[in-house]
Structures are given as structure tokens and as C-alpha cells.
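Notes follow the structure.
The values are calculated or read from the model by the stated rules, or taken from the named source; none is laboratory data. If you're wondering where the values come from, they're calculated on a predicted model, not measured in any experiment. Glycine also receives a Cβ, built like all others from the backbone with ideal geometry; neighbour counts cover every protein chain displayed. Accessible surface is based on the protein model in full, side chains and every heavy atom, while ligands, DNA and RNA are left aside. Shrake-Rupley method; radii C 1.70, N 1.55, O 1.52, S 1.80 Å.
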Amino acid sequence: MFSWLGTDDRRRKDPEVFQTVSDGLKKLYKTKLLPLEEHYKFHEFHSPALEDADFDNKPMVLLVGQYSTGKTTFIRYLLEQDFPGMRIGPEPTTDSFIAVMQGDVEGIVPGNALVVDPKKPFRKLNAFGNAFLNRFVCAQLPNPVLESISVIDTPGILSGEKQRISRGYDFAAVLEWFAERVDRIILLFDAHKLDISDEFSEVIKALKNHEDKMRVVLNKADQIETQQLMRVYGALMWSLGKIVNTPEVIRVYIGSFWSHQLLIPDNRKLFEAEEQDLFRDIQSLPRNAALRKLNDLIKRARLAKVHAYIISSLKKEMPSMFGKDNKKKELVNNLGEIYARIEREHQISPGDFPNLRKMQDQLQAQDFSKFQPLKSKLLETVEDMLANDIAQLMVLVRQEESQRPTQMVKGGAFEGTLHGPFGHGYGEGAGEGIDDAQWVVARDKPMYDEIFYTLSPVDGKITGANAKKEMVRSKLPNTVLGKIWKLADIDKDGMLDDEEFALANHLIKVKLEGHELPNELPSHLLPPSKRKITE
């Protein structure tokens, strides 16, 4: 009797079984989250419905910045190749959104054709109308970088008188649409003009809730002296702090991302290190793409839940017969109180609620009588998805990552410094002497030998205790000295001969000069007499 109750309970407790993360996300969205979104008109307020292409597409990088900050040049630098529709200049040259994507042949696909292609994740951009679609193209070309990621170039954000001229479409809303779907948002600033215009400020505020995807590039930094660069960097951080209202500091990369000579090469090492950090961040996107899509689905589900509570609360407050218009105005004006009540009743974090003023503006045009009352089953389904199915997908994400650990962006500028003498840090620190015929430690060995023979060697070796007395003089922590000992004690006998002692001192010198120690001893640092031991 009542066997169907037990079956239903089991169905709710047992999570779905998925073959891949992408298939799992699509199935969860269509069967569990989409019904809730449609029931409470989520798509009219927040974001259009997701399609298969949103889950299947490659990671995307969105470039945003004022005109002449080097956005298009940055793409050209990454690809090491011109792309169709590319225009570079000091004036506002890029007047369109350009999706730079992989293709078998070079060419441009116009916006109206793009939004009807089911294989591209742009179909929902149709809602922004012809004024936008006439300013949206896809540049396709064969390029190894684009095999792993796609890049979205945007029109230069206007300043001064130019920003008063209407674009004919909601620029901030378009950027917000892209921000929801991309894996990385890069804000570019010119070291010579840090003023953040009204339109740029509006854009950054529209990107709120996506701070985890945002990175900042201070471009053209080779054109100013070191002292000025420090001041510019400080001013940029101060300006960003006023607009991006988060306690965490957004990561800022300093450099000059183009293929011309550095005008002021004083900070070359800094630029190289920053470039490598940024490249590593971009290269990790394919590996983390599934996790990003999962994270975005969770954020969307939490917002959809809150939206359902808001809409159903407004429906509940509306009179059935008379005074609907007056009641609607009252409810819109008191929306903040409704937020507070929902927050208390359902234990929802304030950060999950949509922007109050924007929600009030959107509600003005809605017919509250068409809103739906609270339907617990739809909300329970989404709760079940978040509690059980997402946990299973997380396990699947880790499995896919472990099966494809080397998945990263390759080609273009990412290959230029990967191998050979122009790789970052080549010939420095522990890499010093890598191409020398002689053992690099031999240069300073006479000095180290003098210290060695004062430490009472027996049969040509000093004990660990005696070596420690000398090594702690470096004032390095024991964890670092312990690693140096493991690298230097090549025959693992717990003692050091003169060559091993010289090697230990060389590694101490490397660390004191600010370089990292290797996890394994490079072959060129092996003492000549020990090279047969390791073979």
C-alpha cells in the first residue's frame, strides 16, 4: 500500500546518472531548472534560456576597455596572426563586437546569420535587435590558439562627448549577456589614460556578480618610467576600488602586449613575469571550463529560486478584483521590504537577490495578474538538483580533469616562450649555467672549500650537524634548508662531501637572490663526480 510514495522518495534521493559533464548539465537544466524559469518568467527579467551550444562551446575570453587601450592588438599578439575585420588605430576603430573563432577558412559571418546558427552560442542575442546585430560579426580563421578558446573583441568604450551619442542598443546589457557566458573577462587600461568614463563605470557595474571571472591588464606600461608606473598602478587600484565594491582586490597584470620593442626596457623582467602569469591563467581555461559552467548553472539556479519567491510573493499580495494598479505601485515601491521578508522566511543570503532598482524598473511594465503563485514541487526539484545531482557532477568534473590533465591553450604567443633560451627564467636561478660546458658551481667552489675544511671533515665528508651550523647562517627557514639538503645530498648518505657542500651553498645563493628552488636537481647542477651515480 502506498508503494508509489516509496518510489517517489527513492527517485528524489537517487541522483541522476550522467556520462559526461556537458550532457549532465544539459539534462539538469532542461528537466529541472528550465521549468522553474519558464513558470515565473525568469527570462523576461534576467537572462534568456540556455541552449545546447551554451554547454558545448569552447571557453571564451571577453576583452573590455576604452578605445585605444590595445584590445584588438592584444588578440593579434595572442594569435600571432591578423584576423578578418581587424582594425587597429589610436582612434575608436573597432565599432563592432567581433567573436574571433576557429574556422577551416578565413572569413566573416554577419550577426543576423550568427544568431540562427544552432552550433554557435549566440542565438539569444537576437533579442537585442538589428541595431546590435549590424554591429556583431564572427571572424573565423584557422589558428592553433582558437582550437582551445574563442575571443570576443568589443567596441572601445567611449569617453567625453562621444559617450553622449547613443549606440542604438543597450551596450551594458549586451556586455552583461556575454559576461554570464564567458570564462574570463579582461579589462584593459592604457597606462597613459586611466580616467574611467561614465560609460566604462556603467559597464563595470553591469559586470557585477562576475568578479571571479575578471582580470585587469595595465597595458602599454613600457612607455612610462618605473616611478611613474608605480603611481599609475596605485591610481588604477584606487579607481577600481571605488567602482568594484568588493573587499578582494582584482588581479592586475602589468605589461605591454604587442610585438614591438619595449620603449623603456627597465621593467622587462617584471613584464615577462606578468605575461607568464596571465598566459598561465588563460591556458588553464579549457581545463577548468566544465567547472565554470557548473558554477554558472548553480548561480543561475540560486537566482531562479529567489526570483520565484519574489514573483509568487507579489502574486499573493495582489487583490483579486479592485485596486490592482494602486496595489502594484505600492508593491514595487516596497520591494525592499518584500526582499527582507523572503530573506527571513527562506534563509536566503542577501547576495542572491537581484538588483533592487533594476527589478523595480522591470516590474513597472509587467502585468502582476499573470504572475504564478508558489509551486513547491518546482522549487523542490531545483533544491534536489543542487543537493544531489550537482554533487555527482562535481565528481565527474574531477574525473574528466584527471583524464585530460594536459588540456591547455597552445600555439601563437603561448608557444613563443615555451622552449629555448627565451623561455621565462631561462638561464636564471637554478637554471644558471644550463648551457655551460663547465659545472657552474665550480666558479665559487674555492670559496666554499675554505668553509668546508673548517667544519672538520672526516674521510672527505662533513656530518649533517656540522653542515647545519653553516647553512643556518643564511637565515633561511628550516623548510627551505631541508629541501636544499635533499637536493644536495645526492648519494643520500646523510653527509656532504666538498662538491655536495658547494652545491648546497650554490642553492642557498639561488634562493637568497629571490629565485625558486627546483623540485628535482637539474642535470647541469649535478657535480661531475656524481653524474655516474644518477645514470
Once all Cα-Cα distances of the chain are split into 10 Å bins that start at 0, what whole-number percent is in each one?
3, 14, 20, 20, 17, 12, 8, 4, 1, 0, 0
Once the other residues with Cβ under 11 Å from the Cβ of Lys220 are scored (Lys, Arg +1; Asp, Glu -1), what is the net sum?
-1
Once every DSSP H run of n ≥ 4 in the chain is given -39500 (n - 2.57) and the sum is divided by its residues, what mean residue ellipticity at 222 nm do you get, rounded to the nearest 500 deg cm²/dmol?
-13500 deg cm²/dmol
Crossing angle, helix 226-243 versus the chain [Cα axis fit, 0-90 degrees, rounded to tens]
30 degrees
Counting other Cβ atoms within 10 Å of each Cβ, which GluC sites (Glu not before Pro) in region 60-150 have at most 16 and sit in a DSSP loop?
Glu80, Glu106
Could you tally the net charge around Val510, taking each other residue with its Cβ under 10 Å from the Cβ of Val510, Lys/Arg +1 and Asp/Glu -1?
-2
How far apart, in nm, are the 7 Å Cα→Cβ label points at Leu476 and Gln362?
5.6 nm
Gap separating the Cα centres of region 195-260 and region 483-511, nearest whole Å
44 Å
With +1 on the Cβ of every Lys and Arg and -1 on the Cβ of every Asp and Glu, the dipole magnitude of the chain about its Cα centre, in debye rounded to the nearest 20, is 2020 debye
For the Cα atoms of the chain, what angle does the longest principal axis make with the long axis of helix 324-333, in degrees from 0 to 90, nearest 10?
20 degrees
So for His307, His192, what's the accessible-area order with a 1.4 Å probe, most first?
His192, His307
Give, in nm to one decimal, the length gained when the segment between Gln392 and Leu517 is fully stretched (0.36 nm per residue of separation minus the Cα-Cα distance).
41.1 nm
Sort Val249, Val395 from largest to smallest accessible area, using a 1.4 Å probe on the heavy atoms of the protein chains.
Val249, Val395
Taking R0 as 56 Å, what FRET efficiency do you get between His43 and Val105 from their Cβ-Cβ distance, rounded to the nearest 0.05?
0.95
Counting only protein heavy atoms and leaving out ligands, DNA and RNA, the solvent-accessible surface of Glu345 at a 1.4 Å probe, in Å² to the nearest 10, equals 110 Å²
List the aspartates and glutamates whose Cα sits under 12 Å from the Cα of Lys483, skipping any in the same chain fewer than 8 residues away.
Glu516, Glu520
The rounded separation in angstrom of the Cα centers of region 52-88 and region 286-344 is 35 Å
Of the candidates Val441, Gly85, Ile185, the farthest towards the positive dipole end of the chain (Lys/Arg Cβ +1, Asp/Glu Cβ -1, centred on the Cα centre) is Ile185
Extension gain, Lys468 back to Gln399 (0.36 nm per residue minus Cα-Cα distance, nm)
20.4 nm
Evaluate the relative contact order of region 68-155 (contact order divided by residue number), counting alpha-carbon pairs under 8 angstrom at least 6 apart; express in whole percent.
41 percent
Counting only residues 5 or more apart in sequence or on a different chain, those whose built amide H sits under 5 Å from that of Tyr253 are Val216, Val217, Leu218
Give Lys469/Lys511; Lys58/Lys410; Lys58/Lys220; Lys205/Lys328; Lys26/Lys315; Lys220/Lys299 a once-over and call out the pairs whose C-alpha atoms are over 24 Å from each other.
Lys58/Lys220; Lys205/Lys328; Lys26/Lys315; Lys220/Lys299
To the nearest 10 Å², what's Met230's accessible area with a 1.4 Å probe?
140 Å²
Note down the net charge around Pro477, summing +1 for each Lys or Arg and -1 for each Asp or Glu among other residues with Cβ under 11 Å from its Cβ.
+3
Under the 0.36 nm per residue contour assumption, what length would be gained going from the current alpha-carbon distance of Asp23 and Ile264 to full extension?
81.7 nm
To the nearest 20 Debye, how big is the dipole of region 427-528 about its Cα centre, given +1 on the beta carbon of each Lys and Arg and -1 on that of each Asp and Glu?
540 debye
Dipole magnitude (debye, nearest 20) for region 59-283, charges at Cβ of Lys, Arg, Asp, Glu:
420 debye
Of Ala273, Leu393, Ser239, which is farthest towards the positive pole of the chain's charge dipole, taken about the Cα centre with +1 and -1 on the beta-carbons of Lys, Arg and Asp, Glu respectively?
Leu393
Cα axis of helix 3-13 to longest principal axis of the chain: angle in degrees, 0 to 90, nearest 10?
40 degrees
Using +1 at the C-beta of Lys and Arg and -1 at the C-beta of Asp and Glu, which of Trp258, Ile196, His346 has the Cα lying farthest in the positive direction of the dipole of the chain?
His346
Note down the accessible area of Arg300, probe 1.4 Å, to the nearest 10 Å².
20 Å²
